[in-house]
Amino acid sequence: MARTPAQPQSRGAGHLRIIAGEWRSRRLAVPEGDGLRPTPDRVRETVFNWLAPYIEGAHVLDAFTGSGALVLEALSRGAENAVALDSNPAAIANLKHNLELLRCPRGQILQTDALRYLQGPAKQQFDVVFLDPPFHQDLLANTCNLLEQGQWLREQAWVYTESEAAPSSLALPGNWRLHREKKTGQVHYSLWQRG
């Protein structure tokens, strides 16, 4: 069968599984490569348990989408719409392909640098934001400050972060309150609420 140009390469691909919602148990291909590690199922399940009362109908931003695991899970669980950003063309092509497979028009997928995008004027405000930037590049604090200063967040917005450092050591906006945190291996994952 001939491959359409938009279809991503399957060679070297891994998979992610959507845990719950409309596409529960659906397995989707993700390309392998630096920075394209899906958030593990167990972590995703915990995070979406934390967010369960807030995800349905939410406007979602995934600023470093990578495999798209978090944004796909949010859309499956009833998020109204989602914007996913990544500078990796393979990640973007794969996520667009997966949304086409799922027949989901509620995702806007943009190949762009997250910091550059957030330095521009806010195009909408978000209820839930996922931040899982590449580690050891000092991206997390800068991204959080741009979100806050640029008026990208609704009042009482929820922000999920993954980091190599403990939440208490992160220089995040002073009006954000740490709601929940856990550690798996070397990764700290946390949920913050904007106050």
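The values are calculated or read from the model by the stated rules, or taken from the named source; none is laboratory data. Nothing here was measured: the structure is a model prediction, and the numbers come from that model. All Cβ positions, glycine included, derive from the backbone under ideal geometry; neighbour counts span all protein chains shown.
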| task | Assess whether G66 counts as being under 18 Å from R17 (Cα atoms) and touching a helix residue (DSSP H, G or I) at 6+ places or on another chain (Cβ under 6 Å). | result | yes
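Name the residue that is farthest from the chain's Cα centre (by Cα), counting only residues in region 150-162 that are surrounded by fewer than 20 Cβ atoms within 10 Å (Cβ to Cβ) and either basic (K, R) or within 18 Å of L139 (Cα to Cα) (or both).
Filtering first and then ranking leaves G150.
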| request: Please indicate, with yes or no, whether at least one residue in region 86-96 is touching a Phe, Trp or Tyr at 6+ places or on another chain (Cβ under 7 Å), in a helix (DSSP H, G or I) and either within 14 Å of E22 (Cα to Cα) or at pLDDT 95 or above (or both). | output: no
| remark: Within region 165-182, residues out of contact with any helix residue (DSSP H, G or I) (no Cβ under 9 Å at 6 or more places or on another chain) and under 19 Å from F126 (Cβ atoms) come out as R177
| Selected residue [without any contact (Cβ under 8 Å) to a residue 24 or more places away in the chain and under 25 Å from G57 (Cα atoms)] from Q149, Q137, Q156, Q125 | Q149
| remark: Expected single match for within 26 Å of P31 (Cβ to Cβ) and touching a helix residue (DSSP H, G or I) at 6+ places or on another chain (Cβ under 6 Å) among G185, G107 is G107
| said: Tell me yes or no: at least one residue of region 165-178 is assigned to a helix (DSSP H, G or I), hydroxyl-bearing (S, T, Y) and surrounded by fewer than 19 Cβ atoms within 10 Å (Cβ to Cβ). | reply: yes
| query | Does R17 fit the bill of being over 20 Å from V159 (Cα atoms), modelled with pLDDT under 95 and out of contact with any Cys (no Cβ under 9 Å at 6 or more places or on another chain)? | reply | yes
| Counting only residues that are in a loop (DSSP other than H, G, I, E, B) and aliphatic (A, V, I, L, M), which one in region 102-148 is surrounded by the fewest Cβ atoms within 10 Å (Cβ to Cβ)? | A122
| query | Are any residues in region 151-195 modelled with pLDDT of 95 or more and small (G, A, S), and if so, which ones? | reply | A157, S190
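Would you be able to tell me the number of residues in region 65-81 that are under 21 Å from K182 (Cβ atoms) and either modelled with pLDDT under 95 or in a strand (DSSP E or B) (or both)? Quick ask: steps written out before the conclusion?
Pass one, region 65-81, residues under 21 Å from K182 (Cβ atoms): 66-67, 69-71, 73-74, 77.
Add one more test, that the residue is either modelled with pLDDT under 95 or in a strand (DSSP E or B) (or both), and what stays is 66-67, 69.
The total comes to 3.
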| query | When R106 is evaluated against the numbered criteria (1) modelled with pLDDT of 95 or more; (2) within 14 Å of the chain's Cα centre (by Cα); (3) among the basic types (K, R), which criterion, by number, is the only one it fails? | reply | (2)
